[in-house]
Amino acid sequence: MADFKDHFSANADAYAAYRPVYPPELFAFLAGQVDRHDLAWDCATGNGQAACVLAGHFREVVGSDASAQQIANAVVHPGVSYRVAPAELSGLAAASVNLVTVAQAVHWFDLPLFYAEVKRVLCPDGVLALWCYERLRVDPAIDSLIESFYTNTLEPYWPPERRWVESGYRDLPFPFEALLATAPVPVFTMQAEWNLDQLMGYFATWSAVKAYRAALNQDPLPALRASLESRWISNEGRKTLKWPLSLRLGRV
């Protein structure tokens, strides 16, 4: 089994509470890429948000995660069965899965081992879908503070795998037949109406924030919050936040 790079188990409850929700249109689009809808595997399911929406399109969904803490905090859904399992050892039957999904997580995997598992479990004409999301956007005044925090304050503390996300997975090794290579992939965006407390909760889930705290024995978030408060002017304290998604689709 490959080493499990666990950046999220320590606060799985916060991860479940402060991560944005993927748009339902994304899952309808993904379901439309496969002919059969018997089984979907959501790998690195985290709190199960993607798995639960997939359950509206597939007869059965398996959500797996190497973190027992994440699975313990996953949303219960009658159409989803959860299991603690690493990405490269799903325990699923060969040629049994119609769609494999990985949301904002594949950059942590041992890619050759994971891809071998995908090729083993996907049925003929099955599809692998990988996606990640870019930095959030609020408004220019807020965005400039977040950009400085991300690239200056936290730069030494981001794991090296983060580079794949920075490129929108475009540079990620991908040994599959690319789908929609000659046509533009629809643009999907996550959106949330959050107050400043919720935004700070989201920042607290960042792996680099946790690494900063461990390395320096101090918290970088109070100073960020103080800067944001001076520009956080909106009705009832809420603003519209957006995260554009980057999507890679492939078939064995």
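I'd like to know if region 5-25 contains one or more residues that are modelled with pLDDT of 90 or more, touching a Leu at 6+ places or on another chain (Cβ under 8 Å) and acidic (Asp, Glu). No, the conditions are met nowhere in region 5-25. For region 227-239, name all the residues that are surrounded by fewer than 19 Cβ atoms within 10 Å (Cβ to Cβ) and either part of a helix (DSSP H, G or I) or at pLDDT 95 or above (or both). SER227, GLU229, ASN235, GLU236, GLY237, listed by residue number.
The residues on offer are GLY201, GLY168, and the sole one that is surrounded by 14 or more Cβ atoms within 10 Å (Cβ to Cβ), in contact (Cβ under 8 Å) with a residue 40 or more places away in the chain, among the small types (Gly, Ala, Ser) and part of a helix (DSSP H, G or I) is GLY201. Restricted to strands (runs of 3 or more DSSP E) entirely inside region 27-142, those with at least 1 residues that are loosely packed, with under 15 Cβ neighbours inside 10 Å are 80-84, 122-133.
Inside region 77-93, residues that are in contact with a helix residue (DSSP H, G or I) (Cβ under 8 Å, 6 or more places away or on another chain) and either at pLDDT below 95 or more than 17 Å from LEU111 (Cβ to Cβ) (or both) make up a count of 8.
One line per residue, one yes/no per condition, for (1) among the hydrophobic types (A, V, I, L, M, F, W, C); (2) surrounded by fewer than 13 Cβ atoms within 10 Å (Cβ to Cβ); (3) at pLDDT 95 or above:
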| site | (1), (2), (3) |
| --- | --- |
| TYR157 | no, no, yes |
| ALA183 | yes, yes, no |
| ASN195 | no, no, no |
| SER207 | no, no, no |
| ASN217 | no, yes, yes |
| PRO220 | no, no, yes |
| ARG225 | no, no, yes |
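The values are calculated or read from the model by the stated rules, or taken from the named source; none is laboratory data. This is a predicted model, so every value here is computed, not measured. Every residue, glycine as well, gets a Cβ built from its backbone with ideal geometry; the counts of neighbours run over all protein chains shown.
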